[in-house]
Amino acid sequence: MASLENRAGKYRVIFRLGGRKFSRSLKTRNEKEANASLARLEDSLRRVELGMLELPSGADPATFLLSDGRVNVRPRVQATLTLKQLLEKFFASIPEGNLEPSTIQGMRVHEKQLIKYLGAQFPIRTLTFSHLQAYADRRGQDMGRRGRRVTPITVRKSIVTLQTVWHWGVQEGLVNGPFPSRGLRFAKTKEKPSFQTFTAVERQSKTLPAAEAADLWDCVFLTRVEIEDLLSFAKKNADHEFLYPMLVFAAHTGARRSEIIRSTADHVDFTANAITIHEKKRVRGQLTTRRVPMSPVLRAVLGEWIRRHPECHNLFCRCNYFPSRITGRSHRPLTPTEANYHLKVTLAESKWARLRGWHVFRHSFCSNCAAAGIDQRVINSWVGHQTEAMVRRYRHLIPDQQQSAIMLVFGGGKQSRIARPA
């Protein structure tokens with residue numbers, strides 16, 4: 001009824017059923033194990049002939065008979081999915097324009113760190129809490145910027161990136177189960193200092209170590225007078241004419257660099273005296289907008305810029321650029337790298353050289369609006385989504401106003417009236 005065959009040291013079983021010949025490897029080199037399997041097979045064949053065992057429709061005969069009638073099909077071993085493969089599939093699936101280039105760039109940085117510590121061939125379906133905690137602990141010991149260890153915030157961001165990829169993988173059927181991050185422990189972080197005036201930061205940084213001074217320069221904001229001085233300097237010294245109107249836009253709206261680069265002339269409504277800013281960060285999965293009123297200075301500057309450059313689709317572009325062989329145009333949209341570079345070069349030889357990028361204008365806009373007593377809800381509507389932690393950092397008075405405020409209570413040599421409890 002059935003027999004064994006030894007091929008290259010491994011045993012196979014051969015049998016006939018219903019006029020057909022079947023052959024199946026037993027995946028063993030042990031003769032006793034092979035004979036035991038043969039005995040089970042012959043017993044199952046005998047029961048089939050006696051009508052005691054019925055072969056189900058569509059069942060694999062060899063699998064069914066060798067398992068004593070308990071398994072219908074051969075088990076399929078799921079291919080091992082590695083961490084690198086999952087990440088590659090995720091990045092390949094991102095629709096164009098769905099995420100900001102800077103967001104994808106940051107996630108790519110996290111990808112390198114995850115592969116470095118977990119391994120490119122790490123079987124991602126076996127990911128556990130222990131793996132994530134070990135990664136967080138080891139990554140937290142790395143040296144980061146300014147000669148200090150990587151902050152817990154940076155470590156947490158890479159975990160969030162992996163969590164995002166995991167959730168996508170669940171939807172695609174590549175992994176299953178919840179992401180095992182519940183209860184992860186990170187080192188304590190320090191609260192970021194409030195934004196401070198340029199003068200205050202400049203004075204303090206002279207006596208601080210380089211790393212601590214650099215932290216302070218991350219927290220600087222400019223008063224209205226300082227903004228006017230910086231804009232005047234940029235207007236006289238910028239190598240490219242787009243920079244000055246772009247800086248006025250940033251300083252008078254609090255818009256992000258990416259939002260400014262995306263803006264077009266159609267977004268400027270001179271009739272309603274407002275600018276529509278197109279967002280990508282305020283609501284996840286949605287492209288939203290907000291409207292910001294134009295100051296007289298911004299209105300005049302943008303009006304002049306648009307009249308002089310009606311051919312630009314984007315509001316700000318590189319003009320007098322070498323003509324494209326395809327389009328023949330001598331202008332093109334700006335990139336974030338170009339915007340950063342030209343700002344840095346323009347301010348390099350001035351007292352503003354230590355300012356850190358375009359975001360200082362957003363901080364300054366929020367701080368000056370708060371100092372002027374504008375309702376926080378109005379500020380939020382102008383600048384978009386704001387976390388409570390960020391609001392606390394700039395919702396303060398400028399030092400001179402702080403002194404005036406305290407003088408209202410204790411100044412002038414007069415005793416303040418303090419209401420007594422009834």
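The values are calculated or read from the model by the stated rules, or taken from the named source; none is laboratory data. This one's a predicted model, so the numbers in the text were calculated from it and none came from an experiment. FYI the Cβ positions are ideal-geometry reconstructions off the backbone, even for glycines, and counts take in every protein chain you see.
Within the span defined as the stretch 127-148, one or more residues are under 29 Å from Thr189 (Cβ atoms), at pLDDT below 95, aromatic (Phe, Trp, Tyr) and surrounded by 15 or more Cβ atoms within 10 Å (Cβ to Cβ).
Here Pro310 meets the list (1) farther than 25 Å from Pro95 by Cβ; (2) at pLDDT 90 or above almost entirely, failing just condition (2).
Go through the stretch 20-65 and report how many residues are among the β-branched types (Val, Ile, Thr) and either surrounded by fewer than 13 Cβ atoms within 10 Å (Cβ to Cβ) or not in a helix (DSSP H, G or I) (or both).
So the answer is 1.
Annotation: of all residues in the stretch 257-268 being in contact with a helix residue (DSSP H, G or I) (Cβ under 9 Å, 6 or more places away or on another chain) and farther than 14 Å from Leu334 by Cβ, the one that is surrounded by the fewest Cβ atoms within 10 Å (Cβ to Cβ) is Ala265.
Residues checked against (1) surrounded by 13 or more Cβ atoms within 10 Å (Cβ to Cβ); (2) out of contact with any Asp or Glu (no Cβ under 8 Å at 6 or more places or on another chain); (3) not in a loop (DSSP other than H, G, I, E, B):
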position	(1), (2), (3)
Glu338	yes, yes, yes
Tyr341	no, yes, yes
Lys344	yes, yes, yes
Ser350	yes, yes, no
Ala353	no, yes, no
Asn368	yes, yes, yes
Gly373	no, yes, no
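Look at the stretch 56-79: where a residue is of a type in the set (Asp, Glu) and a partner is at pLDDT 75 or above and part of a loop (DSSP other than H, G, I, E, B), sitting 6+ places away or on another chain with Cβ atoms under 9 Å, you get Asp68/Leu53. Remark: pairs (first residue in the stretch 382-395, of a type in the set (D, E, K, R); second residue at pLDDT 70 or above and assigned to a helix (DSSP H, G or I); Cβ separation under 6 Å; 6+ apart in sequence or on different chains) = Arg395/Ala370. Does Ser57 fit the bill of being of a type in the set (Ser, Thr, Tyr) and more than 54 Å from the chain's Cα centre (by Cα)? No; evaluated as a whole, the condition is false for this residue.
Conditions (1) under 19 Å from the mean Cα position of the chain (by Cα); (2) outside any strand (DSSP E or B); (3) crowded, with 16+ Cβ neighbours inside 10 Å, marked per residue:
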site: Pro95; (1), (2), (3): yes, yes, no
site: Met107; (1), (2), (3): yes, yes, yes
site: Leu114; (1), (2), (3): yes, yes, yes
site: Val160; (1), (2), (3): yes, yes, no
site: Trp168; (1), (2), (3): yes, yes, yes
site: Pro180; (1), (2), (3): no, yes, yes
